[in-house]
Amino acid sequence: MKTNLEKLFIAVMALTFLLSGCGQPGTTAVSDELTDDEIENIVRRAEALELTRTRVRVTPLGDPGPTLRSEPSIAEGAPRRYIMDDSVQPVIDAGQAELNIHYSDPLAMADTHVLVKNAVKEIAWQHGRSVSFMAKWNHNAAGSSSHIHQALSDSAGKSVFYDPNGAHGMSRTMEHALAGLLEYANDTTFFLAPYVNSYKRFAAGTFAPTSTVWSIDNRTAGYRVVAPNTDAVRVECRIGGSDLNPYLALASQIAATIAGIEGKLELEPEFSGNAYGAESARSIPATLRAATESLRGSTMLREAMGNDVIDHYVRCAEWEQEDFDRVVTDYEVKRGFEQA
């Protein structure tokens, strides 16, 4: 028998994938819609970021040089039932792309997340390239995220989040849901950012959030209301990195949403302006250690998932930190080998 969660929740995940050029040097085909200047700019940016040790030549489709069009691109090769039309697009940095995945119920969406990641890696391998889902693969490059869009509908498929008379078209139920996500944002952070590296992504000026506030069309906020004043109004969580476990991330987001609805939590005023410089805004935990302590003390998640589950993942987080702490990093060697 399906639970109320399975009946009611529709999750949409916008997966921002980092498709890095760290594989073998060679040639790759690009869209013939790019101009020569745009292609040259991509190459210059790639070299500036030291994406490869040797020059990677980007070949226009019309060039007589070799291309890889015999192998599928991400847009062509990824499962079409999951990828929305015209949804594969470049983002901030060279080699970085965004995939928008068609909405579904939470369990199916988590399955799709895993399937698409593996498909992208296989397609990249066919092109002699590597794909990384690290949240922050290079400190000079933008991080990669996994944004979660959440809406709520009744058994007839009608949006429960929409009220034409509410602020921004939000119903009271949606306000309670968003209030729950904000109230328990620190509790759920580990499930959105599970590694030491995950927290390197949370930096001002990078389009990654640093504060757990909500706003309308404001990409400096941790939570964003999307499609306001329409029956497609929904909540976007912008905290998650591309390295998250989708099953745990969605479960924790739903748990916080339910806690907000059942507790009838009141939604705080909308944040306006640049959240990076807001001293009063609540901060996302800055380290894995901080997120681990928030998870350990989360009464809400313990009630939703059980003590055994939370204790297991607290120990998982601790082990991740312990393993990192014992390793001598390249940074330490570079800084101290001669100077210490």
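The values are calculated or read from the model by the stated rules, or taken from the named source; none is laboratory data. Nothing here was measured: the structure is a model prediction, and the numbers come from that model. Here the Cβ is made from the backbone with ideal geometry for all residues, glycine too, and neighbour counts use every protein chain on show.
Candidates are the residues of the range 205-225 that are under 16 Å from the mean Cα position of the chain (by Cα) and in contact (Cβ under 8 Å) with a residue 60 or more places away in the chain; the one that is nearest to Leu107 (Cα to Cα) is Gly222. Scanning the range 276-286 for any residue that is of a type in the set (Asp, Glu) and at pLDDT 95 or above turns up nothing. With respect to Leu107, is the statement that it is touching a residue at least 60 places away in the same chain (Cβ under 8 Å), outside the structural domain of Glu303 (by TED's automatic domain parsing) and either assigned to a strand (DSSP E or B) or among the charged types (D, E, K, R) (or both) true? Criteria not met by Leu107. Of the residues making up the range 182-196, at least one is touching a Gly at 6+ places or on another chain (Cβ under 9 Å) and over 16 Å from Ala256 (Cβ atoms).
The set of residues from the range 244-272 being under 21 Å from Phe191 (Cα atoms), part of a loop (DSSP other than H, G, I, E, B) and in contact with a strand residue (DSSP E or B) (Cβ under 8 Å, 6 or more places away or on another chain) comprises just one member, Leu244. I need a count of the residues in the range 311-340 that are aromatic (Phe, Trp, Tyr) and surrounded by 11 or more Cβ atoms within 10 Å (Cβ to Cβ). Result for the range 311-340: 2. Working only within the range 224-243, note down all residues that are surrounded by fewer than 24 Cβ atoms within 10 Å (Cβ to Cβ), in a loop (DSSP other than H, G, I, E, B) and aliphatic (A, V, I, L, M). Passing the criteria: Ala227, Ala232, Val233. Note on the range 300-310: among residues that are over 13 Å from Tyr184 (Cα atoms) and aliphatic (A, V, I, L, M), the one that is surrounded by the fewest Cβ atoms within 10 Å (Cβ to Cβ) is Val309.
Do we have Ala119 as part of a loop (DSSP other than H, G, I, E, B) and either in the same structural domain as Arg219 (by TED's automatic domain parsing) or touching a Gly at 6+ places or on another chain (Cβ under 9 Å) (or both) here? In short, no. The sole residue among Asp163, Asp111 that is more than 17 Å from the chain's Cα centre (by Cα) and within 29 Å of Asp231 (Cβ to Cβ) is Asp163. Consider the range 187-199 and keep the residues that are surrounded by fewer than 20 Cβ atoms within 10 Å (Cβ to Cβ) and of a type outside the set (Ser, Thr, Tyr). The one that is nearest to His139 (Cα to Cα) is Asn197. Could you check Val314 against (1) in a helix (DSSP H, G or I); (2) under 30 Å from Gly166 (Cα atoms) and say which number it fails? Evaluating Val314 over (1) in a helix (DSSP H, G or I); (2) under 30 Å from Gly166 (Cα atoms) leaves (2) as the failure.
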